[in-house]
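The values are calculated or read from the model by the stated rules, or taken from the named source; none is laboratory data. This one's a predicted model, so the numbers in the text were calculated from it and none came from an experiment. Don't worry about glycine lacking a Cβ; one is built from the backbone with ideal geometry, like all the others, and counts go over all protein chains shown.
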Amino acid sequence: MSSYSVTEPSQRQKWFAGILVVGYALITILPLVWIIATSFKSPSDAIAYPPKTFFEPTVEGYVNVFTTRTRLSEEQLQAVGEPQTWYDKLVRKDGLVISGPSRFAERFTNSVIIGFGSTVLCIVLGTAAAYAFSRFKVPLRDDLLFFILSTRMMPPIAVAIPIFLMFRSLGLNDTHAGMILLYTAVNLSLSVWLLKGFIDEIPVEYEEAALIDGYTRFQAFYKVVLPQAATGIASTAIFCLIFAWNEYAFAVLLTSGNAQTAPPFIPTIIGVSGQDWPAVAAGATLFLVPVMVFTILLRKHLLRGITFGAVRK
Amino acid sequence: MAQIRIQNVRKEFGAFTAVRSSSFTIEDGEFFMLLGPSGCGKTTTLRMMAGLELPTSGEIFIDGEEVGMKPASKRDIAFVFQMFALYPHMNVRKNISYPLLSQGLRGEEVKSRVAEVARILKIENILDKPVGGLSGGDRQRVALGRAIVRRPKAFLMDEPLGALDAEFREHMAEELRALHDRMGATTVYVTHDQLEAMQMGDKIVVMNHGVVEQFGKPQQIYDWPATKFVAQFIGSPPMNFLEFEGMIGVGGGLIDLGGIMVKVPTSREGRAGRLTLGVRPEHVTFVSDGAYRGRVSAVEYLGTTQIVTLVTGHGELKARIPSSHRVHEGEQVGLEFDARTLSIFDAETGKVLLSEGNEGVLGHG
């Protein structure tokens, strides 16, 4: 008879769990892998049937996503002369010349400004509100908290038309400030509630100790509470950033030129010069990088954050 | 160091009154115990001294200055929390030096003050460790270090030994008391453990339901309790209460306990009706020919002494007698009470009647 543990999973359970995890990982990672692979294919490889798993990698997609190109006739090409740079050479193979930069870099910058801007604002306002709700006797506290939560109860897009009209009359249409404001408003309820949970877990004695030690309430807040809440702030920031970064519907509706973010821009690559899938894939791949870097930087906090408070130490 | 004076302090939390009209004075350099059961208002009183709660009414004087409405950071006192509340993101050295930084001290001064405190508390070897991995005793020492490093006007401690193991608590209590004697700092210490209060305190305030029941030296409180609550809260086992109908006049020295006359300290107050005779267990002696008798119902052996539970005509009574005295369950024994140590309480109000014995302690009040 073999001994067995009540809490330790058995060998079979471990195998089952392992297969489940690996299977799930494959399902979620495969599209990503495909996008990244496509971004390195040539346009003809990208639409080849049956799909090509092995192909000759090229950075044409990346060049295409950053540039606009023009097709020239033989005489014109000769007039332009030999291609100078590596990317000139790359497009010249197809008889094209680079006529200028595309708007991708600009849209990408917009995404960074709006995504990180709204995240910072969300965290600053959310932490302050969560601290107040957690520590002070705010009149109608529970009602206010419910109101804040209730803003999350319908999909934000349900109020798209009122917001569109409001933005138009306020002159916020297609501005960075407008988009930052909008994403902050949508995310703030999440940030207040998440952060309140984290701050509730920090014993009030730490602040009291700081008050006794001669610090003001505000000093106690940023010297003692904030470092303790770092975990919560990091995970909340990731959630806020992911939403603002990926948001598509409002971005399509409210931005067109000046403040357009990358999500509505990337699909417009199709059609400018045919169905340039590698360029789309390259845009999408690049678009993934900031969130990935941000998440990896805060990974340690995030993992602790998700399970925080689950077990009392 | 400073004297702390509490005057008519009252604290309400909404409809709940945590502290009603408390007044007492803590003299400079005293080790002062705030004692009472949980929810009696002792911690609230301490927190009002610290400035962590503001009194609803009344005044608090520290060093002659009224501080009732001042923020904690302006009162120059140190507070030791039950859970220590060491800053978890700082190591031991930073924790201890943190109060100094708020005073604007820097560099060498901070270093030497921290080193001095570390030497006093014998924690030099853990100064650079994070506080997370410390043992309970070391955490306690670091918390004390953070308190004493700034040389405050007073130390306020909220059950600082409550989070420690029983065996370690005793050791730490001794250390604390020794530290206090060495520094001579005014210390206010909250506890619900009467033994701890008796063992460490110069003076004790006993609180119950937000009211100060009695205030005095440990022995005075033990010997001459002002109320039945104090008599029962202090001492283990507590004071015995023998309920009886009777009377005692001013200058009277005898009571009629079920037909048996019992000598008591000469009374300074007259009262008739339902009264309670209070007897400490160690003031009961067994005599073969005593008129007042009881039947032994249980015996607890405690080493040099034993606690004998007796059933008498006025209820259960516990006696503490030497273990050498052999008693058996069911045995009938004669009892005698040490006449100089007895207290008589008014059973209705729970207040003690003034007598020759307690007038020196309870005086005018």
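Of all the criteria given as (1) surrounded by 23 or more Cβ atoms within 10 Å (Cβ to Cβ); (2) among the β-branched types (Val, Ile, Thr); (3) away from chain B (no Cβ under 14 Å), the one not satisfied by residue A:212 is (3).
Residue A:227 passes every criterion in (1) facing chain B (nearest Cβ under 9 Å); (2) crowded, with 22+ Cβ neighbours inside 10 Å apart from (2).
Listed by position, the strands (runs of 3 or more DSSP E) inside segment B:1-109 whose residues that are of a type in the set (Gly, Ala, Ser) number at least 2 are B:16-26, B:57-62. Residues of segment B:72-85 that are more than 7 Å from chain A (Cβ to nearest Cβ) and free of Cβ contacts under 8 Å to residues at least 40 places away in the same chain: B:74 alone. Just so you know, in segment B:268-308 the residues that are hydroxyl-bearing (Ser, Thr, Tyr) and in a loop (DSSP other than H, G, I, E, B) include one that is nearest to residue B:251 (Cα to Cα), and it is B:288. Scanning segment B:48-57 for residues that are over 23 Å from the mean Cα position of the chain (by Cα) and either within 14 Å of chain A (Cβ to nearest Cβ) or buried (at least 16 other Cβ atoms within 10 Å of the Cβ) (or both) yields a single hit, B:54. So residue B:326 clears everything in (1) surrounded by fewer than 13 Cβ atoms within 10 Å (Cβ to Cβ); (2) touching a residue at least 40 places away in the same chain (Cβ under 8 Å) except one condition, right? Which one? Unmet condition: (2). Just one residue in the set A:206, A:222 is facing another protein chain (nearest Cβ under 8 Å) and either part of a helix (DSSP H, G or I) or surrounded by fewer than 23 Cβ atoms within 10 Å (Cβ to Cβ) (or both); that residue is A:206. Checking residue B:219 against (1) in contact (Cβ under 8 Å) with a residue 24 or more places away in the chain; (2) out of contact with any helix residue (DSSP H, G or I) (no Cβ under 6 Å at 6 or more places or on another chain), which test does it fail? The number of the failed condition is (1). Scanning segment A:1-47 for residues that are part of a loop (DSSP other than H, G, I, E, B) and without any contact (Cβ under 8 Å) to a residue 24 or more places away in the chain returns A:1, A:2, A:3, A:4, A:5, A:6, A:7, A:8, A:9, A:10.
Among the residues of segment B:235-248, the ones that are in contact with a strand residue (DSSP E or B) (Cβ under 7 Å, 6 or more places away or on another chain) and part of a loop (DSSP other than H, G, I, E, B) come to 2 in all. The one condition from (1) in a helix (DSSP H, G or I); (2) surrounded by 21 or more Cβ atoms within 10 Å (Cβ to Cβ); (3) among the aromatic types (Phe, Trp, Tyr) that residue A:239 does not meet is (2). Residues in segment A:267-290 that are modelled with pLDDT of 90 or more, closer than 16 Å to residue A:248 by Cα and of a type outside the set (Phe, Trp, Tyr): 4 in all. Does segment A:135-150 hold any residues that are in a loop (DSSP other than H, G, I, E, B) and not hydrophobic (A, V, I, L, M, F, W, C), and which are they? Selection gives A:137, A:139. Note on segment B:87-122: residues that are within 8 Å of another protein chain (Cβ to nearest Cβ) and either of a type in the set (A, V, I, L, M) or under 33 Å from the mean Cα position of the chain (by Cα) (or both) amount to 4. Only one entry of A:58, A:109, A:53 meets the criterion of being within 24 Å of residue A:287 (Cα to Cα), at pLDDT 85 or above and in a loop (DSSP other than H, G, I, E, B), and that entry is A:58.
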